[in-house]
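Everything on this sheet refers to the single structure shown next.
The values are calculated or read from the model by the stated rules, or taken from the named source; none is laboratory data. Here the structure is a predicted model, which is why all the values come from computation and not from measurement. FYI the Cβ positions are ideal-geometry reconstructions off the backbone, even for glycines, and counts take in every protein chain you see. The protein model used for the area step is the full one, side chains on, heavy atoms only, and it has no ligands, DNA or RNA in it. Shrake-Rupley method; radii C 1.70, N 1.55, O 1.52, S 1.80 Å.
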Amino acid sequence: MRRAVGENNLYDAVLAGLAAGYLHDYMRNFEYAEAVLVPALELSEKHQFSQFAAAAQCCLGHVRARLGRAAEGVALINKGLKGFAEVGTRLGLTREETNLGDAQGLSGVLGDALETIEEALALNPEELAYRSETLRIRGELRLNQGHIELAEADFYEGIALARSMSAKAWELRAIMSLARLLCDTSRRDEARMMLSDIYNWFTEGFDTADLIDAKALLDGLPG
Amino acid sequence: MRSPNCHSENLDSRKFCSECGAGLQRRCARCGANNAPTAKFCGECGTPLGASVVASDEALVAAPIHSSARVANRDITGERRHLTVLFCDLVGSTAISAQLDPEEWREVVAGYHRTAAEAITRFGGHVAKYLGDGVMAYFGWPEAHDNDAERAARAGLAILDAITKLNQQPAIVATEHAVALAEKIGNLQQLATWITSKGMNALLAGDYRTAGPLAHQSLELAIRADNPANLGLSRLLQIMTSYWRGEFGRAEQHFAVGLELFNKSGYFPDPSRPVSDSGATTRGYLAGPTLRCNGKP
């Protein structure tokens, strides 16, 4: 992003800012993500890159919701989705809808959140890149409502899909959700086995939030 | 000077009566001089005052006055009623029309007219007139409802919604046209470019089933045309399509090949700074999520 700004290539600068924003959102470095998304949004609004402005709003909305400003995040994602509709693109909408559902869940409106997640699942069943996360988040929401069996089914479905796609990051997240659910039951051995398998697959990145959490979870599940 | 209306006395220099507001001076239609309100002839040029004004006005606008008077008389036989009128036209239509062939433009406008008319009719309105790219509709005539204003507002919103969907149409129509033209001329390089564009349209619509084969087709064309820039773009399309379909391994393979092609293509102006791990934007954008999902660099 710095290089593109230096070369006065604002289009690439916005793209780079967005890419960094999404990446750090995935990695749960939310402060960092916010720091790159704010200038990316400003640049795209100033130079009327409407589709990038919409994408930046959606991503920044999710990041802010995760930073504890859920209501603000929901409003921003809705604004971004409106922008997507105006531009007419449907590329990646399942991810933005999933993020909206997550932000709504964080703001405490579980009914709305579940409805949004259902929409995300129905929107474009061929868009699978983010679907495993969509399923996992639906599981978390259902767990919050006390529907333990439904939640468990979602986590398993998310794990299976992530495996079929070799999407290790999503697989790790779904297994962690399942492990948290199973840790107080008689099936904690099964949880520990799955978690240690996926944890040991990784060869680096042990300083990322997900792997730090996975390690802590494993340590709490002695065999 | 005396007012011709209330007969109050006013100063000679005044133009209007300070009591009743009536005009105190009569302007000569021929030379423009001011005369007393009761004067029959202009004190400057001798032109008859009252009569001559009517005569010269009539000379100037004779025909329109007669014909419009007839229309007005006919209208009086109609009925006075409340009417809500909705008018809408396309923003920036002149600019769009300049970019398209007349046939394409006609198709776009016809599509828009159909869409607008459908929305208007659905809410009980009556399409009164098409004016170029504008549509005028009545709510309350010939059929009246107790909420015509609301119906008009709702029809307006429905038109906006429908137009959003139509907005992609000019790009899609133009691409189809370009593909047909390139095929006719037999220009491989252009055909490769336009098939890639077609694929990009499908990708942006989230239609990966269409985008995938188009990406493959454009790649083959680019190889035959021996154009590295087109090769790179086709690969980009393949990467994006595979990525969003969740085929991360395949996206990564396409990516490695595409990166090499981009470097060879001269797409980046400074060849001493090829796209690399150190900070290239294209790689960053495409690789970030992909690599993360695969869990390895």
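Worth a mention:
- Normalised convex hull volume, the range A:1-135, alpha-carbon set, Å³ per residue: 96
- Solvent-accessible area lost in complex, 20 Å² minimum, residues of the range A:89-120 relative to chain alone, 1.4 Å: A:THR89, A:ARG90, A:LEU91, A:ARG95
- Given A:LYS168/A:LYS215; A:LYS79/B:LYS198; A:LYS46/B:LYS198, the pairs whose alpha carbons are separated by over 24 Å: A:LYS79/B:LYS198; A:LYS46/B:LYS198
- Heavy-atom surface of the range B:171-212, accessible at 1.4 Å and reported per residue (Å²): 49
- A Cβ-based charge dipole, computed about the Cα centre of the protein assembly as shown with Lys and Arg at +1 and Asp and Glu at -1, lands at about 1220 debye.
- Measuring nothing but how far apart in sequence close Cα pairs (under 8 Å, 6+ apart) lie, relative to its length, the range A:137-211 scores a relative contact order of 21 percent.
- Threshold 30 Å² - residues in the range A:19-64 whose accessible area is reduced by that much or more when the chain is no longer isolated, probe 1.4 Å: A:ALA19, A:LEU23, A:TYR26
- Between helix A:30-46 and chain A: long-axis angle, C-alpha atoms, 0 to 90°, nearest 10: 30
- 3J(HN,Hα) couplings calculated from phi for the range B:235-245 with the Karplus curve 6.51 cos²θ - 1.76 cosθ + 1.60 (θ = phi - 60°) are, in sequence order, 4, 4, 4, 5, 4, 5, 5, 4, 4, 6, 6 Hz; Gly and Pro show x.
- Angle in degrees between helix A:188-201 and the longest Cα principal axis of chain A, rounded to the nearest 10: 50
- Secondary-structure-derived ellipticity at 222 nm for chain A, considering helices only, amounts to -25000 deg cm²/dmol, per-run term -39500 (n - 2.57) for DSSP H runs with n ≥ 4.
- Leaving ligands and nucleic acids aside, the A/B contact buries around 2800 square angstrom of accessible area in total at a 1.4 Å probe radius.
- Accessible area per residue, Å², chain A with all protein chains present, probe 1.4 Å: 44
- Using C-alpha pairs under 8 Å with a sequence gap of at least 6, the mean separation divided by the residue count of the range A:1-117 gives a relative contact order of 19 percent.
- Shown for the protein assembly as shown: the carbon plus sulfur share of the solvent-accessible area, taken with all protein chains present and a 1.4 angstrom probe, equals 54%.
- Summarising the label geometry, the points placed 7 Å from Cα in the beta-carbon direction at A:ASP213 and A:MET193 lie 2.5 nm from one another.
- As a length-normalised measure over Cα pairs under 8 Å and 6 or more apart, the relative contact order of the range B:108-237 settles at 17 percent.
- Relative pair counts by distance (%), Cα atoms of the range A:78-120, 10 Å bins: 32, 52, 16, 0
- Reduction of at least 50 Å² in accessible surface, 1.4 Å probe, comparing all protein chains with the chain by itself, residues of the range B:181-218: B:LEU204, B:TYR208
- Global dimensions of the protein assembly as shown from alpha-carbon coordinates: Rg and Dmax equal 34.7, 122 Å.
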